[in-house]
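Written below as structure tokens is the structure these notes are about.
The values are calculated or read from the model by the stated rules, or taken from the named source; none is laboratory data. Remember, it's a predicted structure, so these values are computed and weren't measured experimentally. Cβ placement follows ideal geometry from the backbone for every residue including glycine, while neighbour counts extend to all protein chains displayed. Each accessible area value is taken on the protein alone, full model and side chains, heavy atoms only, with ligands, DNA and RNA left out. Shrake-Rupley method; radii C 1.70, N 1.55, O 1.52, S 1.80 Å.
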Amino acid sequence: MRIKTKFSIFAVLLIGICVLAISYSIFMIEKKLFIENQNHELTKTILQFAAVAKEALIAKDDLLALNYLKALKKTSPGFESGYLINKSGVIIATTNADLLRKKKLPEKKDNSIRISEDVNSGEGGGKKIGLVCIDFSSEVLKKLTNENIKRIGMQVLFASGLVLVFGIIISVVFSSQLSKPVKKLVKDVRLIADGNLDVKVDVSSNDEMGDLAGEFNKMAESLKHLDHLKSDFVSNVSHELRSPLAAIESYINLMLEDKKELNYENLVRIKNNTARLSKFIDDLLDVSKIEQKEVSEKKAVNLSGLVEDVVSLFAVQAEEKKLEIKTDIDEQIPDVFANSERLKQIFINLISNAIKFTNKDGKITINAVQSPKSKVQSQLTSDIGHRTSDYIQVSVSDTGIGIPKDQLGKIFDKFHQVKGTVDELKGPKGTGLGLSIVKGIIEEHGGKIWADSEMGKGTTFYFTLLTTVDGI
Amino acid sequence: MKKILVIDDEKDFRDLVEKVCSKEFEVVSVGDADEGLKILKKKLPDLLLLDINLPRVGGYTLCQQIRADENLKKLPVIMLTVRRRKEDQLKGLELGADDYVTKPFEPKELVVRIKRVLERCGNHE
């Protein structure tokens, strides 16, 4: 069943119940009021007659009372007969001429209502000087009551019918108004689901429907962004795979065409390109691990031992370029909470970058301090949200060529390579994934990475690691 | 000797083109579009070998810029790229490239194609 129908039925039922309850109460109240009002009218009639009778008795003017009674007979509904009896019990005025001057009041008929009232000499009391008495026909009164109740009933019925009809019309119109944006939303979202990510859900109402549409638009927007990222990634990957392959094949072609080209230099180029290919594939696997948010198994790791191990891997390369690699890690520093393989990867990527971008006779320094309280740090602490004593800050600095300021924010993006620097360097071309892997690993470890650099003077990478105190 | 400018971000390919073409042409090579454009504006070569995947300004964009520039628009351009799909090839030719060579290439083939383009463009003038 459609929302529109459900809502309409619900609204109509609700309106129906309300109208029924309200009209029933109105009817009951009206009925009660009418009956009270009728009784009040009867009392008023007798009191007024009593007042007239008092005057008539005092002035000894029987005719006055008689005329009043005659007038009442015409105007008062249900009036049957009226009597004025003086203090000696003689009927001195009546609409029933047979009983005039008689001493005995006739018995009340079964179908009559008799109301009587003493006539007193003073205001609201005094000596009783007579008695007034009126018989009303209960049948006429009842008929009158029934007629009136019927009239009230009809009025209430008519009014509630009108309310009900309007209510139904309004609820149907309102529910279709309500379901219109839902229908539109469903239509547009279906288009988005079919992969048409440029569709904008066009529901601008200023309520939850509008909010929902807004959220759908945001979702489509981020899907589109992801889609772009994905196709960018695929085209980058295929380019990065093809480039070294094309270089290898082109150099082989060259050597096949011209035997003189079959030399050491060209073989090294081919070797470098195969190395680049396999490095790229390794990096891709690392990236995929990180993208899948694979959580690594962590334990307490001794930082200075791990760094010594990594640095020894680079001994030959450093020697070739006459670079000094210095580690300055306090042995008292607490263990970090990390996955040692991934932690090694961080240092391998950062140190190999440092070696690559540092000219001969340069220096690479690896430093680690516990909870430094420099200006940058206090800012960082609030970012990471843990106490200053809970992490270790590591820095890897070189005296290399530096990174332009406007590039510092981008170096952690996948496939980003700083323009113009790469070509002049020996060895295989980088994959543009190294720093994005480092960033991924550090973030997976609950840390943060940033860099500082001065052109021609060198670059320092800083990152934070949690200590075991905080980690476990 | 005819002059050729190579714009390619891969050093291996710049060196390769130099090796292959240096017997018959004078080869100058740079790693990105900005530097290439500087050289083009200083002294027009006889032909441009242009890679598509370049840092910052890509090969397609540069090709468009060249065709839109009064002084450069007659420069013969050969796209030299790893992109082998038909769409990429068509796009390159539509944007005004005179030929499209895919990497990997055979050295002889590259030289022949360069010569052909130079002949064709020379005849038009």
- Message: Taking the 0 to 90 degree range and rounding to the nearest ten, how far is the long axis of helix A:208-257 tilted relative to the main principal axis of chain A, both from C-alpha atoms?
- Response: 10 degrees
- For the range B:1-46 and the range A:212-249, distance of Cα centres in Å: 31 Å
- Message: Under 8 Å for C-alpha pairs, at least 6 residues apart: give me the relative contact order for the range A:270-366, rounded to a whole percent.
- Response: 36 percent
- Message: Given the whole protein assembly as supplied and a 1.4 Å probe, what does the accessible area of A:Tyr462 come to in Å², nearest 10?
- Response: 60 Å²
- Message: Can you compute the charge dipole magnitude of the range A:57-214 about its Cα centre, using +1 on each Lys and Arg Cβ and -1 on each Asp and Glu Cβ, nothing else charged? Give it in debye, rounded to the nearest 20.
- Response: 1140 debye
- First check a/c for the range A:1-73, with a ≥ b ≥ c the square roots of the eigenvalues of its C-alpha gyration tensor; if it is under 1.5, answer rounded, and if not, answer prolate when a/b is larger than b/c or oblate otherwise. prolate
- Note to self: C-alpha centroids of the range A:136-193 and the range A:91-124 sit apart, in Å, by 53 Å
- Query: For chain B, what class follows from the C-alpha gyration tensor (a ≥ b ≥ c being the square roots of its eigenvalues): rounded when a/c is under 1.5, otherwise prolate if a/b is larger than b/c, else oblate?
  - Reply: rounded
- Task: Report, as an integer, the average count of C-beta atoms from other chains found within 10 Å of each Cβ along B:2-9.
- Result: 1
- Task: Among the listed pairs B:Lys41/B:Lys74; A:Lys60/A:Lys103; A:Lys279/A:Lys360; A:Lys279/A:Lys439; A:Lys32/A:Lys108; A:Lys259/B:Lys2, give every one whose C-alpha distance is greater than 22 Å.
- Result: A:Lys279/A:Lys360; A:Lys32/A:Lys108; A:Lys259/B:Lys2
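What does the average come to when, for each residue of peptide A:86-92, you count the partner chain Cβ atoms lying within 10 Å of its Cβ? Walk me through the numbers on the way to the answer.
Numbers: counts 0, 0, 0, 0, 0, 0, 0.
Mean shielding count: 0.
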- Item | Surface share of carbon and sulfur [accessible, 1.4 angstrom probe, percent] for chain A | 58 percent
- Step through the residues of the range A:435-446 one at a time and calculate ³J(HN,Hα) from phi using the Karplus curve (6.51 cos²θ - 1.76 cosθ + 1.60, θ = phi - 60°), rounding each to whole Hz and writing x for Gly and Pro. 6, 5, 5, 4, 4, x, 5, 5, 5, 5, 8, x
- Quick one: of the DSSP bridges fully inside the protein assembly as shown, what percent are antiparallel, nearest 5? 65 percent
- Message: List, by residue number, every residue in the range A:242-272 with a reduction of 20 Å² or greater in accessible area between the chain on its own and the complete protein assembly, 1.4 Å probe.
- Response: A:Arg242, A:Ser243, A:Ala246, A:Ala247, A:Glu249, A:Ser250, A:Tyr251, A:Asn253, A:Leu254, A:Glu257, A:Glu261, A:Arg269
- Query: So between A:Phe233 and A:Ser116, what do we pick up on full extension, going 0.36 nm a residue minus the alpha carbon distance?
  - Reply: 31.4 nm
- Rel. contact order, % - alpha carbon contacts under 8 angstrom, at least six apart, chain A: 11 percent
- Query: Per the Debye formula with a single identical scatterer at each Cα and no solvent contribution, what log10 I(q)/I(0) holds for the protein assembly as shown at q = 0.05 Å⁻¹?
  - Reply: -0.50
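May I ask you to give the solvent-accessible area per residue for the protein assembly as shown, in square angstrom, as obtained with a 1.4 angstrom probe? If you can, show how the numbers build up before the last one.
On the way: 33860 Å² over 597 residues.
That works out to 57 Å² per residue.
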- Item | Nonlocal amide H pairs with A:Lys448, under 5 Å, H built at 1.01 Å | A:Thr464
- Task: Give me the accessible area buried between chains A and B, both sides summed, with a 1.4 Å probe, in Å² rounded to the nearest 100.
- Result: 2200 Å²
- Message: Compute the helix-to-body angle for A:62-75: its Cα long axis versus the longest principal axis of chain A, expressed 0 to 90° and rounded to tens.
- Response: 40 degrees
- What helices in chain B pass both tests, a Cα length along the helix axis of 20 Å or more and a mean Kyte hydropathy of -1.0 or higher, using whole DSSP H runs? B:107-124
- Pseudo-spin-label distance A:Met455 to A:Ser204, built 7 Å along Cα→Cβ, given in nm, is 4.8 nm
- Hey, what angle do you get for helix A:138-193 against the long axis of chain A, alpha-carbon based, 0 to 90 degrees rounded to 10? 10 degrees
